[in-house]
Amino acid sequence: VLQGYAAEMDNPLMAHLIPPELQNKKDILFGNMEEIYHFHNRIFLRELENYVEYPELVGRCFLDQMEDFQIYEKYCQNKPRSESLWRQFSDSVFFQECQRKLDHKLSLDSYLLKPVQRITKYQLLLKEMLKYSKNCEGAEDLQEALTSILGILKAVNDSMHQIAITGYDGNLNELGKLLMQGSFNVWTDHKKGHSKVKDLARFKPMQRHLFLHEKAVLFCKKREENGEGYEKAPSYSYKHSLNMAAVGITENVKGDAKKFEIWYNAREEVYIIQAPTPEVKATWVNEIRKVLT
């Protein structure tokens, strides 16, 4: 892909086949695929080859390179931009010509998906290896490697949702690390405001997608898009946020094991939040408690 497509975008002999709007867009189309390729080719593959005779010790390879695996997050974050560019120009003669020369059965988009598939495949491979390495040396490393890869997958998944937030006028990066995101039923019960509104609010929950950052929790409304591929992916329109410095939490709301409360400014605003399951609630409550302490 890097030689047969990316490099060809800089080939003067191919320039006449490239639509003007596609020129200089190589970084968007391929993201940091080259960085991923070099990491595997120069570093990770060589590490793995050291353990050909001792496969049970492979966990160590992953742990030593765990920081480098963050490059996948960058790739996945760029993927929506890449896909939208590909859809505009997928039938261009330039791509057809590259595909013909490479004698590929599949078009470029199938290959651009590979890094996303690869990072999800690692956890399956590590799980399989663990299954057969229970009592041998290296089992702990394999377990730790699996946990770390799952952590990276969660970060990739969370950040894919985060880049779909629209209408937030600040800089999301200033809110600190994104810790959790998910969909909830939310009821509000505010001290201020018309009593009629308060009564109404008690009965009908709002569907909200919450993003918990170190410094703030964002409430967004999920919008399903109609379209193909990525365009079908949801976007989240920003509604409001609470600064974690002024947030309090009530872990149990009587009558429902899935509910908890977030309140703001000494209970001036109260949000009753219902998680899909008691387990999800527990995870969120723990995570919020960590931030508050």
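Which distance in Å, rounded to a whole number, links the C-alpha centroids of the range 32-76 and the range 134-153? The distance from the Cα centre of the range 32-76 to that of the range 134-153 comes to 14 Å.
Residues whose amide H comes within less than 5 Å of that of Gln65, counting only those at least five positions distant or on another chain, are absent (H built at 1.01 Å from N in the peptide plane). Per-residue SASA remark: Ser235, around 20 Å² accessible (1.4 Å probe; ligands, DNA and RNA not included).
Applied to the range 34-39, the Karplus parametrisation 6.51 cos²θ - 1.76 cosθ + 1.60 on θ = phi - 60° returns per-residue 3J(HN,Hα) values of 5, 4, 5, 4, 5, 4 Hz, with x for Gly and Pro. The alpha-carbon positions of the chain define a convex hull whose volume is 183 Å³ per residue. Accessible area per residue was computed with a 1.4 Å probe on protein heavy atoms; Lys101 scores about 110 Å². The 1.4 Å probe gives accessible areas that order Lys281, Lys204, Lys154, largest first, as Lys204, Lys154, Lys281. Here the simple spin-label model places points 7 Å from the Cα toward Cβ, and for Val270 and Gln70 these points are separated by 4.1 nm. Express in Å², to the nearest 10, the accessible area of Glu49 obtained by rolling a 1.4 Å probe over the protein heavy atoms while all chains stay in place. Its heavy atoms expose roughly 110 Å² to the probe.
Between Leu106 and Lys290, what is the FRET efficiency for a Förster distance of 45 Å, r being their Cβ-Cβ separation, to the nearest 0.05? Approximately 0.50, to the nearest 0.05.
If the limit is 27 Å between Cα atoms, which of Lys114/Lys215; Lys177/Lys258; Lys101/Lys121; Lys254/Lys290; Lys25/Lys101 go over it?
Values: Lys114/Lys215 35 Å; Lys177/Lys258 25 Å; Lys101/Lys121 29 Å; Lys254/Lys290 23 Å; Lys25/Lys101 22 Å.
Long pairs (Cα-Cα over 27 Å): Lys114/Lys215; Lys101/Lys121.
Which order do Tyr111, Tyr236 take when ranked by solvent-accessible area (1.4 Å probe, heavy atoms of all protein chains), largest first?
Values: Tyr111 55, Tyr236 0 Å².
Largest accessible area first, the list is Tyr111, Tyr236.
Seen through its C-alpha gyration tensor, with square-root eigenvalues sorted a ≥ b ≥ c, the range 9-127 comes out prolate because a/c lies at 1.5 or above while a/b is bigger than b/c.
The values are calculated or read from the model by the stated rules, or taken from the named source; none is laboratory data. As the structure is a computational prediction, the values presented were derived from the model and not from experiment. A quick note on method: Cβ atoms are made from the backbone with ideal geometry, for glycine too, and the neighbour counts reach across all protein chains shown. Side chains are part of the model used for accessible areas, which takes the heavy atoms of the whole protein and leaves out ligands, DNA and RNA. Shrake-Rupley method; radii C 1.70, N 1.55, O 1.52, S 1.80 Å.
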